[in-house]
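The values are calculated or read from the model by the stated rules, or taken from the named source; none is laboratory data. It should be emphasised that the depicted structure is a prediction, and the values quoted were computed from it without experimental measurement. Every residue, glycine as well, gets a Cβ built from its backbone with ideal geometry; the counts of neighbours run over all protein chains shown.
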Amino acid sequence: MQEHHYLGALPKISETLWYVATLCNQWVALISFSAAALKCSARDRWIGWDFRHKYDRLKLITNNSRFLILPEWHLPNLASRILSLCHKRLAVDWQVVFGHPLVLIETFVDPQRFRGTIYKAANWVYVGDTKGFHRNGKGYSATAHSPKMIFVKPLTSDAQALLSRPILEQAYRTGGPRIMLNAQQMKSLPDFFADIPDPRRAQGRRHRLSTVLAIAAGATLCGMRGYLAISDWAKSLGQKARARFRCRYQVNRYIVPSLSIIRDVLISVDPVHLDHALQRWNQAYGRQDESLAIDGKTMCNAINDEGYQTHIMSAIGHQTKTCYTQKKWVPCP
């Protein structure tokens, strides 16, 4: 692949499968399937989902990241035959190796080099072009270069409906409930924590309290649980995301708070003030949930002075799994 493909070899990107096509015990082609693109507006429009659904369902899509016919093996119909064989076995192989189903394949074709003929012959669907931006160390390039053609191949007849429905069937859920924060939500989060009193000493503060709490809240909304997971999520933020959270700027870079700072702040901050701030954020952004679940519990060990148990009723969003409100009730004597 490194020697003959114009893009060179591709390292493993999350969940990845490689295939070798043989003919008469000779290697004739190499093909790989990797993690789907995080941002692809033409694909997303074709599916019909929004960013909240996308973040938790990308693992149901794979990207045909490389396809190479080796020199001296450019035979008629060979490429479409290889794609057909991959289509027949890819979903089963993916389930065996990674433990979850696959419903859609995507690929990008450089129109300056190819026309996508093999994908058209294999009944892939052309859904549009990319905008031409590429990833770099600081996020995405400032200018567009060489937009790519986007083709998709459904592996099930109802791929669009399945990926865009409000609630996935259990068999297609690939992990815990998470949401994705957009740029506006990142920018707004620190404002909701701006009025919370800072329990730390003034001396030695390196990060704003609102920034630390905003990062912790953002990480939790995106599925992180525990101080270490929140810290790892913070470290994975790009420079643009760190700027939106108003991180400390030092030596031409935005710096995120360390694990110890995040832990100490969350332990010492007033939980009542924190709860009120999160409720205000829910009122502003949590209404994106399309349906609510009402859940009631009896607190077995919560008994008042009269000997009655406490009951709690909660309203929880189906999509974000956010608890909007809780009401306690105790029977009157």
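General observations
- So GLY204, is it assigned to a loop (DSSP other than H, G, I, E, B) and more than 18 Å from VAL269 (Cβ to Cβ): no
- One residue from GLN239, GLN160 being in contact with a strand residue (DSSP E or B) (Cβ under 8 Å, 6 or more places away or on another chain) and assigned by TED's automatic domain parsing to the domain that holds GLY128: GLN160
- Close pairs from the stretch 34-56: first farther than 22 Å from ASP158 by Cβ, partner hydroxyl-bearing (Ser, Thr, Tyr) and in a loop (DSSP other than H, G, I, E, B), Cβ under 7 Å, at least 6 apart: SER34/SER14; SER34/THR16; ALA35/SER14
- Hits in the stretch 203-261 (condition: buried (at least 18 other Cβ atoms within 10 Å of the Cβ), without any contact (Cβ under 8 Å) to a residue 24 or more places away in the chain and under 24 Å from HIS53 (Cβ atoms)): ALA219, MET224, TRP233, LEU237
- Within the stretch 1-18, residues that are touching a residue at least 60 places away in the same chain (Cβ under 8 Å) have Cβ atoms under 6 Å from residues that are of a type in the set (Phe, Trp, Tyr) in these pairs: GLU15/PHE98; LEU17/PHE33, counting only partners at least 6 apart in sequence or on another chain.
- Remark: pairs (first residue in the stretch 83-104, over 15 Å from ALA122 (Cβ atoms) and assigned by TED's automatic domain parsing to the domain that holds ASP56; second residue loosely packed, with under 12 Cβ neighbours inside 10 Å and of a type outside the set (Asp, Glu); Cβ separation under 7 Å; 6+ apart in sequence or on different chains) = PRO101/ALA171.
- For the stretch 1-110, the strands (runs of 3 or more DSSP E) that sit wholly inside it and include 1 or more residues that are hydrophobic (A, V, I, L, M, F, W, C), surrounded by 13 or more Cβ atoms within 10 Å (Cβ to Cβ) and touching a His at 6+ places or on another chain (Cβ under 9 Å) are 26-35, 61-69, 104-109.
- Among the residues of the stretch 59-69, some residue qualifies, meaning at least one is at pLDDT below 90, closer than 25 Å to HIS100 by Cβ and assigned by TED's automatic domain parsing to the domain that holds ALA122.
- If you go through the stretch 210-266 and keep only what is among the polar types (S, T, N, Q) and farther than 19 Å from ALA194 by Cα, you end up with SER231, SER236, GLN239, GLN250, ASN252, SER258, SER260.
- Inside the stretch 196-243, residues that are out of contact with any helix residue (DSSP H, G or I) (no Cβ under 9 Å at 6 or more places or on another chain) and more than 22 Å from ASN182 (Cα to Cα) make up a count of 6.
- Selection from the stretch 1-24 of residues that are among the polar types (S, T, N, Q), under 22 Å from LEU85 (Cα atoms) and more than 29 Å from the chain's Cα centre (by Cα): THR22
- Residue in the stretch 251-261 that is touching a helix residue (DSSP H, G or I) at 6+ places or on another chain (Cβ under 7 Å), assigned to a helix (DSSP H, G or I) and either among the basic types (Lys, Arg) or under 24 Å from ALA202 (Cα atoms) (or both) present: yes
- Taking the stretch 235-250 as the range and being part of a loop (DSSP other than H, G, I, E, B) and over 16 Å from LEU189 (Cα atoms) as the test, the residues that pass are SER236, GLY238.
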